[in-house]
1. Ignoring any ligand, DNA or RNA, what whole percent of the accessible area of region 6-182 comes from carbon and sulfur when the probe is 1.4 angstrom?
2. Could you tell me the accessible area of Ser282 in Å² (1.4 Å probe, neighbours in place), rounded to the nearest ten?
3. Excluding residues fewer than 8 places away in the same chain, name every one of the lysines whose C-alpha is closer than 25 Å to that of Lys45.
4. Excluding ligands and nucleic acids, what accessible area in Å² is computed for Val9 using a 1.4 Å probe, to the nearest 10?
5. Summing +1 for each Lys or Arg and -1 for each Asp or Glu, what net charge is found among the other residues whose Cβ lies under 10 Å from the Cβ of Tyr74?
6. Using amide H atoms built in the peptide plane, which far-off residues or other-chain residues are under 5 Å from Gly279 H to H?
7. Per residue, what accessible area does region 115-166 have, given a 1.4 Å probe and all protein chains present, in Å²?
8. Based on the Cβ-Cβ distance of Asn79 and Asn224, what FRET efficiency does E = 1/(1 + (r/R0)^6) give at R0 = 35 Å, to the nearest 0.05?
Amino acid sequence: MSEIKQIGVVGSGQMGGGIAQVAAVAGFDVVVLDSNADQLIRCEKTHDKLLARAVEKGKMTDDDAKAAKARLTYVTDYNYISDSDIVIEAVVENADVKKEIFKKLAEMFTGDQILASNTSSISITEIAAATNCPERVIGMHFFYPVPVMKLVEVINGLATAPEVTERVIALAGRLGKTALPANDRAGFISNRVLMPMINEAFYAWMEGVAEPADIDGIMKLGCNHPMGPLELADFIGLDTCAHIMNVLADGLHSERYRPCPKLDQLVSAGRLGRKSGCGVFSYER
Ligand code: CAA
């Protein structure tokens, strides 16, 4: 079985960019692929900024930051990721888009390369079924911000081979993360537990139980959460939260998981959270 030396990352948004950065800092050669060249430029600028900040804070030497940067390559063509030993997909949370990408990856990678998805709630078994190698498909769910968060939730599909799981758990360790397993049910563990809490905070606000700042303050001071649920919803993206609630409702066959009307209303208004400058709270841009 080949040792993992090169990691391909498909998708250069917040999650893909974060995974690529962590992998390069950990010593892997990383090829970041995105069909959107402008997004790739933004991703590279973010890497430059975050690596420079790590040097300023004394967390890394300038030489190590330069070496990490030199291990990162940014490409728009799939041919350039063909030497990767594992590909981690982190594109938009859309099952059809992901299935199309995995079908293509399975045709390109015919050896023992691992095909991993960073999906936060879509079924790994369903994604794997779009390929002719479901035993090599697995979920590697990272958390935002990737350089800070310690967990990788590892999700086996129905056909994932045990040695693939073992290699992914070992890889997570080399990335400085702890891997914990979850089975392939909608939302896995993280979002099945986190998102209903966030949704409930919207209900509490909608019903006038408390104002947003107080709901968040109660959860921060009373439960030691680093961010209140509404601030966290803005941080994740309100559209993402609503989407995940719908995935839970469909996947767990229960309407109790549908997004709170208040959450849906803000999404309809284009108030998507930090990324749009306004969500539950307003942000300076
Ligand atoms: N990228 C890289 N590093 C970042 C960062 C980013 N986007 N944002 C913050 N950091 C780093 C800072 O540089 C700082 O590093 P040092 O300690 O080395 O100086 C550290 O994180 C702490 O940052 P701050 O001091 O600025 O702020 P903070 O103490 O308030 O922490 C936080 C910020 C780490 C984001 C903290 O508020 C937190 O943990 N919030 C909860 C985050 C969370 O729950 N994430 C999971 C979301 S759910 C998800 O991702 C899964 C899904 O499927 C939806």
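The values are calculated or read from the model by the stated rules, or taken from the named source; none is laboratory data. As the structure is a computational prediction, the values presented were derived from the model and not from experiment. Cβ coordinates were reconstructed from backbone atoms using ideal geometry, including for glycine residues, and neighbour counts include every protein chain displayed. Protein only, heavy atoms only, side chains kept; ligands, DNA and RNA dropped before computing areas. Shrake-Rupley method; radii C 1.70, N 1.55, O 1.52, S 1.80 Å.
1. The C+S portion of the solvent-accessible surface of region 6-182 is 52 percent.
2. Spelled out: Ser282, probe radius 1.4 Å, area about 100 Å².
3. Filter leaves Lys5, Lys57, Lys59, Lys66, Lys69, Lys150, Lys177, Lys275.
4. Using a 1.4 Å probe on the heavy atoms, I get roughly 0 Å².
5. Every neighbour counted, the sum reads -2.
6. Placed amide hydrogens put Gly273 under 5 Å from Gly279.
7. 36 Å²
8. 0.10
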